[in-house]
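The values are calculated or read from the model by the stated rules, or taken from the named source; none is laboratory data. Since we're looking at a predicted model, the values are computed, not measured. Note: ideal-geometry Cβ built from the backbone for every residue, glycine included; neighbour counts use all protein chains shown. Side chains included, ligands, DNA and RNA excluded: accessible areas come from the protein's heavy atoms. Shrake-Rupley method; radii C 1.70, N 1.55, O 1.52, S 1.80 Å.
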Amino acid sequence: MLGALPAEILDLVALESNETSLVHLCRTTKRLQTVAERLLYRKVHLSDLHHSVIFFQTVTARPNLALATRDFFFNLSCVDCIFVAFWNLFSRALCAMSNLTALHFAGANLSDIIFRDNTHPNLVRFTSVDYITPEVSSFLTRHPSLKQVFIGEGSTCLHTLLPPSALPSLDTLIGSIHEMGGILPGRHVTHLILTWFIPFSDANTYKIIKQLTRGASPVRTFNCTTFEIAYTRHAIVRAIAQYLPHLHILKMANLTLGSRLVLDDVVRYSFL
């Protein structure tokens with residue numbers, strides 16, 4: 001029988017199974033349930049209140065499942081009306097997930113409660129589209145292992161909250177062009193993925209690109225999503241040629257037509 005196979009073989013079988021098959025495996029034997037649950041909880045995406053509460057209650061009651069979670073994505077709308085008890089439960093669950101490597105928050109109005117006293121030694125990716133608060137900044141500072149940080153367009157004060165010693169391992173920065181010049185100094189960021197929704201002029205373009213030279217390492221990849229790229233493309237390329245001589249990959253995308261990205265409006269340059 002399948003349950004009699006060595007643990008290594010069971011792991012391989014589970015790795016090749018989809019989510020539905022893993023759920024079925026959980027309902028067979030205790031041994032197969034242990035193997036399947038570990039993979040089911042490895043990557044968690046929550047987008048409604050009911051399932052969020054069930055998940056938080058489960059991982060706080062079963063620490064082995066909390067430790068199995070590596071990638072956690074939370075995307076819940078209208079969270080401003082949720083009771084404090086929910087955020088306390090969320091915080092306890094997040095604290096139990098101490099093996100996280102990726103933490104993503106796509107919802108707005110998150111409570112600072114969930115960022116207090118939580119530490120994840122293996123965390124390498126962090127996303128937040130919400131405004132950065134001192135509590136979030138403190139959370140980022142406690143995680144020197146972070147290599148990739150995604151900061152939402154609305155956040156314009158992170159650089160004033162982070163101490164110079166924070167994020168020493170950061171190599172990829174994703175977010176608004178407003179934040180780049182303040183975060184880069186002293187950090188070895190080589191990959192930038194930016195949104196650039198501010199008024200353009202040649203002088204303004206040169207000034208902004210020049211700010212990207214403040215990092216401790218030269219920028220190798222520059223990915224920019226903006227408006228009116230046809231008008232600004234040449235100014236950006238000229239500014240990059242002047243200030244980012246070590247650039248390997250440049251990609252610019254135009255969103256003038258709305259949220260739909262037209263392939264003809266994506267420009268790629270490679271300098272390898």
- prompt: Could you say whether any residue in the stretch 13-35 is on the phi < 0 side of the Ramachandran plot, modelled with pLDDT under 65 and among the acidic types (Asp, Glu)?
  reply: yes
- prompt: Within the group ALA230, ALA235, ALA239, which residue is more than 21 Å from LEU173 (Cβ to Cβ) and either open to solvent by less than 40 Å² (accessible area, probe 1.4 Å) or at pLDDT 60 or above (or both)?
  reply: ALA235
statement: Filter the stretch 160-182 for residues that are modelled with pLDDT under 85 and open to solvent by 10 Å² or more (accessible area, probe 1.4 Å); the one that is farthest from LEU123 (Cα to Cα) is HIS178
- request: Give me the pairs, please: first residue somewhere in the stretch 18-39 and more than 15 Å from ASN64 (Cα to Cα), second residue anywhere and open to solvent by 90 Å² or more (accessible area, probe 1.4 Å), beta-carbon distance under 9 Å, and either six or more positions apart or on two chains.
  value: THR29/MET1
field: Residue list for the stretch 27-68, restricted to those being small (Gly, Ala, Ser) and open to solvent by 30 Å² or more (accessible area, probe 1.4 Å)
entry: SER47, ALA61
